[in-house]
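Derivation of every value follows stated rules applied to the coordinates shown; laboratory data play no part. All values derive from a computational prediction rather than experimental measurement. Cβ placement follows ideal geometry from the backbone for every residue including glycine, while neighbour counts extend to all protein chains displayed.
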2 protein chains.
Amino acid sequence: MLTGESLIAGERVAGTGRVVHAFAPRTGAQLEPGFPMVDPGQVDRAARSALEAFAQLRSSTPADRARLLESIADAIEALGDALIERADAETALGVERLRGERARTTGQLRFFARMLRDGWGTGARIEHGDSDRRPAPRPDLRLRMVPVGPVAVFGSSNFPLAFSNAGGDTASALAAGCPVIVKAHNAHLGTAALVADAVADAVRAVGMPGGVYSSLVGDGAGIGQSLVAHPAIAAVGFTGSRAAGLALVGVAASRPAPIPVYAEMSSVNPVIVLPSALDAERAAGYVSSLTLGAGQFCTNPGLLFVPVGAEGDRFVGHVSETVRATSGATMLSSGIRTAFESARDELAAQPGVTELAEGLAGTDDDAPAARVFEAAAGELIRRPRLQHEMFGPAGLVVRYDGTDELRAAIGALEGQLTATVHAEDDDHVTLAELLPDLERIAGRIIVNGWPTGVEVSNAMVHGGPWPATSAPHTTSVGSLAIARFQRPVSYQNVPERLLPPELRDANPLAQERRVDGRMELP
Amino acid sequence: MLTGESLIAGERVAGTGRVVHAFAPRTGAQLEPGFPMVDPGQVDRAARSALEAFAQLRSSTPADRARLLESIADAIEALGDALIERADAETALGVERLRGERARTTGQLRFFARMLRDGWGTGARIEHGDSDRRPAPRPDLRLRMVPVGPVAVFGSSNFPLAFSNAGGDTASALAAGCPVIVKAHNAHLGTAALVADAVADAVRAVGMPGGVYSSLVGDGAGIGQSLVAHPAIAAVGFTGSRAAGLALVGVAASRPAPIPVYAEMSSVNPVIVLPSALDAERAAGYVSSLTLGAGQFCTNPGLLFVPVGAEGDRFVGHVSETVRATSGATMLSSGIRTAFESARDELAAQPGVTELAEGLAGTDDDAPAARVFEAAAGELIRRPRLQHEMFGPAGLVVRYDGTDELRAAIGALEGQLTATVHAEDDDHVTLAELLPDLERIAGRIIVNGWPTGVEVSNAMVHGGPWPATSAPHTTSVGSLAIARFQRPVSYQNVPERLLPPELRDANPLAQERRVDGRMELP
């Protein structure tokens, strides 16, 4: 079934470059087949096909696009266990987690389909004119969101399904009406190819042109950057490391016509425990969240704020005990394991940082033991190095002495995807004081929960101030994610029958619209 | 009344730098008083005060902010004729135009106030949780838009009121809850100071801290760029030249934490005349739009597409005749006049460009005659130089031979604020064919009208693809402009009484909200 090819505009095409392989993280074994990387001419072909397909996709109705998204979800499910098995072989994330991730992925595709079917993807607004107004008549103005054009999507390492070939960026771009070209992640090339074929089947099944979707094998620095630089590309979705994200931001900004890069880059997701919440159950909950998926979540809680004093000491003792009882899980690749260990060791070597506890290593080379460290809040404030992301199962417990020091430490934090507070009623005054501070640094605030687990919802923000993302006004999860791939166009005095259907008075597409200032439901 | 001072956090403060003056365009006379430029320490003080004031402004209610905007409108009106006289002395735009612009400015402030009072400025969304859901309970998630932080606004030369100290950027930033620091435009320093004082009075009257608003005198390259680089600044609004806009984009991108620049830069606003619309009235209408305000509008129709052939020739003849009968109006400054003449002469020197007609010069040195030139569509396609903006009363008539050539020429255009088509019913098939092409290059499409005149409306887009703006997903006019200064924050399982009021179930602020997927009106 897997032929080692890329997918360009609905057709499997062999790359002409160096052959790359995925590897089995548990054994280090090279997985077949090899995938030759595409060449710049093939990038160009994919981009041109996307631009051609855009002409049709942009004039599709919301219902057409809903059908496409639903067909993709169906086609992914039809891949059955073969997909789960290949994904597990390539990522070692485990069958159960991957089944859950598949459900999330298909659920997300159908979630965007539902939004389109419910009539609120196009942001339509109508302001009727007034030809009698003096001194100047008021024009008839109508606004809708249009798709920006072909979107380049970079598959992430840690979500081979939900943030990769048919993940959130792809789903929201297609929902907006933008063709997608994925740069498949080299760590799960087989999973990417299976999903790409499923998407291509779905595109064909709904009668759309193949250029609506391509999936290319290549290196990020070469093929990935040449894709971002291609004049046909209008926007970029990326989830990954800060270095790779910033490189893409740089390429996009230096194009003759710059384009936006929606990069979700790095976050240490502070969790603050207030004095009323220092119980053993939460200590264990923290360690579960820290070590979930070998700590390979962008919402991994890398910083845990605990008060100084005896009760805080006891809480930290529970954290340490729980960590010691954990076993290391296999990481996504030996490269990721190496990067994790070097970030962790660099933290360990910082003055003021002490090691609290180490868990047990896993059974293979790439399953490092979990570790927790400790430092005083003052050290965190003085040394920005202490808040660098460690992508893996390691955390820093930060001890704070009272609310003022806690707030000072929060004020010293970079932008974050999430910020979490644990507090019982006794601490609600403090919690209320903290909320505005947390709003300024994070895209999502969680009370008495854990940041891992990102619900696909109309009210989700998976985003946040720089450097958590390169575009703090957006989210990459939830229905608001569609806005990244849309821009507004206004129509002034355009004759009714030439207007886009969502802007005609009769509302033939049954869209939710703001008419003369007031929302009208379909 | 005018003391030559800047306004920092509600107080008049003398700059310590070089003294700059506004000049009377009609006479070249230097206008008193001189305004010393602020120094970097004063920029820092304004920025820090803004950040301090942000703590209060961000927790204000929409009604509080509505009151602030309305008070500013009242205070501007209370300035009476003194404002109009000073603005006319500094810009030569004429008393009638400036009264209209004042009405637009105060109307715009009240427009944003109305949106806030009507309860739809905060983008609230609520998704109730489901603690019984298996395998994982569904969290309670609530989302609202929060203000991004202090905003730097650059006053424009051509709208001393509507796009300057209390113009669209200021109004939308304050509506969002962001303090504003204006870099006053040096061409109308007195107008800027009068308006700044009015805003400061209004801020005081509603009991908000002075840091909510500052207005600084300085040069763009020095003081302006240091303002954009200041860590307290979270976003930038700019209307002006491409060179200045790109410089600010560069400064913002190279900050340790980059911020968005909403720059509206340059546009030649193509107007397409289809064969059914070649009448003398439209020819005259075009010349009116081209020469309105001495051609100093960002929506000035710099390109006019006219079919080849006898009827097109006759139409172009009408254009030429009308141009010959126009008298030059005084431009905003001799610098702008010089820049206009050099752009115009550069166009005139291009191969394939011929001069069609020249109007009469005005009575003073800075009132150049209107001019129109002509070139074949093929020339425009081959030579990008032909679509450079000439900021002033000069246009290029582009002759096209059939719809295919017209579409090829549209495809060769850069991003635009507007695109206009004149067509009667006979040409509606062609018009329908053109609309998708125009959507791709412009933020606003106008039928049988003129691009000058930008209605403040819920359905207005004053924006467009690069290089018309640096942020094609936004508009700088209309209610959607508020989104530039907001970002979404999500609240997960936050106790009801600690939620921001717009997200509490009881909806105490009477906000329009999306609840469990469905819009609910207050």
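In the set A:R102, A:R86, A:R117, which member is surrounded by 20 or more Cβ atoms within 10 Å (Cβ to Cβ) and under 30 Å from A:Q486 (Cα atoms)?
A:R102
Residues of the range A:503-522 being touching a helix residue (DSSP H, G or I) at 6+ places or on another chain (Cβ under 8 Å) and either under 25 Å from A:V456 (Cβ atoms) or basic (K, R) (or both), which ones?
A:R504, A:L509, A:Q511, A:R513 - these are the residues of the range A:503-522 that are touching a helix residue (DSSP H, G or I) at 6+ places or on another chain (Cβ under 8 Å) and either under 25 Å from A:V456 (Cβ atoms) or basic (K, R) (or both).
Is it the case that the range B:474-487 has a residue that's assigned to a helix (DSSP H, G or I) and among the β-branched types (V, I, T)?
Checked against the condition, which is being assigned to a helix (DSSP H, G or I) and among the β-branched types (V, I, T), the range B:474-487 yields at least one hit.
Go through the range B:479-506 and count every residue that is of a type in the set (G, A, S) and more than 8 Å from chain A (Cβ to nearest Cβ).
3
Determine whether B:V148 is surrounded by 23 or more Cβ atoms within 10 Å (Cβ to Cβ), in contact with a strand residue (DSSP E or B) (Cβ under 7 Å, 6 or more places away or on another chain) and under 17 Å from A:V461 (Cβ atoms).
Yes, satisfied.
Answer with yes or no whether A:F373 is crowded, with 16+ Cβ neighbours inside 10 Å, closer than 30 Å to A:Y262 by Cβ, more than 10 Å from chain B (Cβ to nearest Cβ) and not aliphatic (A, V, I, L, M).
It is false that A:F373 is crowded, with 16+ Cβ neighbours inside 10 Å, closer than 30 Å to A:Y262 by Cβ, more than 10 Å from chain B (Cβ to nearest Cβ) and not aliphatic (A, V, I, L, M).
Considering only residues that are in contact with a strand residue (DSSP E or B) (Cβ under 6 Å, 6 or more places away or on another chain) and either part of a strand (DSSP E or B) or of a type in the set (G, A, S) (or both), which ones fall in the range B:25-43?
If the condition is that a residue be in contact with a strand residue (DSSP E or B) (Cβ under 6 Å, 6 or more places away or on another chain) and either part of a strand (DSSP E or B) or of a type in the set (G, A, S) (or both), then B:Q30, B:L31, B:G34, B:F35, B:P36 are the ones that fit.
Per-residue answers, yes or no, for (1) within 14 Å of chain A (Cβ to nearest Cβ); (2) part of a strand (DSSP E or B); (3) over 25 Å from the mean Cα position of the chain (by Cα):
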| residue | (1), (2), (3) |
| --- | --- |
| B:S226 | no, no, no |
| B:V236 | yes, yes, no |
| B:A244 | no, no, no |
| B:A263 | yes, yes, no |
| B:S276 | yes, no, yes |
| B:T291 | no, no, no |
| B:A294 | no, no, no |
| B:P301 | yes, no, no |
| B:R314 | no, no, yes |
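Could you identify the single residue in B:F23, B:F54 that is more than 17 Å from B:P150 (Cβ to Cβ) and aromatic (F, W, Y)?
Step by step, each of B:F23, B:F54 is checked, and only B:F23 is more than 17 Å from B:P150 (Cβ to Cβ) and aromatic (F, W, Y).
Output the residue which, of all residues in the range B:316-347 that are more than 29 Å from the chain's Cα centre (by Cα) and free of Cβ contacts under 8 Å to residues at least 40 places away in the same chain, is surrounded by the most Cβ atoms within 10 Å (Cβ to Cβ).
B:T322
Out of A:L189, A:L216, A:L174, report the one residue that is surrounded by 24 or more Cβ atoms within 10 Å (Cβ to Cβ), closer than 24 Å to A:R114 by Cα, within 20 Å of the chain's Cα centre (by Cα) and aliphatic (A, V, I, L, M).
Just one listed residue meets the conditions, A:L174.
Can you tell me which condition A:R407 does not meet? The list is (1) basic (K, R); (2) within 26 Å of the chain's Cα centre (by Cα); (3) under 13 Å from A:P270 (Cβ atoms), and all the others hold.
A:R407 satisfies all of (1) basic (K, R); (2) within 26 Å of the chain's Cα centre (by Cα); (3) under 13 Å from A:P270 (Cβ atoms) except (2).
Does any residue in the range B:482-508 that is within 20 Å of A:S479 (Cβ to Cβ) come within less than 6 Å, Cβ to Cβ, of a residue that is assigned to a loop (DSSP other than H, G, I, E, B) and acidic (D, E) six or more places away or on a different chain, and which pairs are these?
These pairs meet every condition: B:N493/B:D140.
Among the residues of the range A:474-522, which ones are under 19 Å from A:P139 (Cα atoms) and charged (D, E, K, R)?
A:E496, A:R497, A:E502, A:R504, A:D505, A:R513, A:R514, A:D516, A:R518 - these are the residues of the range A:474-522 that are under 19 Å from A:P139 (Cα atoms) and charged (D, E, K, R).
Give me the pairs, please: first residue somewhere in the range B:182-206 and closer than 16 Å to B:A50 by Cβ and without any contact (Cβ under 8 Å) to a residue 40 or more places away in the chain, second residue anywhere and β-branched (V, I, T) and assigned to a helix (DSSP H, G or I), beta-carbon distance under 7 Å, and either six or more positions apart or on two chains.
B:V182/B:T170
Give the range A:2-24 a look and list any residue that's in contact (Cβ under 8 Å) with a residue 40 or more places away in the chain, of a type in the set (D, E, K, R) and assigned to a loop (DSSP other than H, G, I, E, B), or say none.
A:E5
Residues in the range B:507-520 that are facing chain A (nearest Cβ under 8 Å), surrounded by fewer than 17 Cβ atoms within 10 Å (Cβ to Cβ) and in contact with a Pro (Cβ under 8 Å, 6 or more places away or on another chain): how many?
0
So which residues in the range A:428-470 are part of a loop (DSSP other than H, G, I, E, B), surrounded by fewer than 22 Cβ atoms within 10 Å (Cβ to Cβ), more than 7 Å from chain B (Cβ to nearest Cβ) and out of contact with any Ser or Thr (no Cβ under 8 Å at 6 or more places or on another chain)?
The one that is part of a loop (DSSP other than H, G, I, E, B), surrounded by fewer than 22 Cβ atoms within 10 Å (Cβ to Cβ), more than 7 Å from chain B (Cβ to nearest Cβ) and out of contact with any Ser or Thr (no Cβ under 8 Å at 6 or more places or on another chain): A:V456.
So, in the range B:136-165, of the ones that are assigned to a helix (DSSP H, G or I) and of a type in the set (G, A, S), which residue ends up nearest to the other protein chains (Cβ to nearest Cβ)?
B:A162
Kindly indicate which of A:A408, A:A419 is more than 7 Å from chain B (Cβ to nearest Cβ), of a type outside the set (K, R) and part of a strand (DSSP E or B).
Within the list A:A408, A:A419, the selection yields A:A419.
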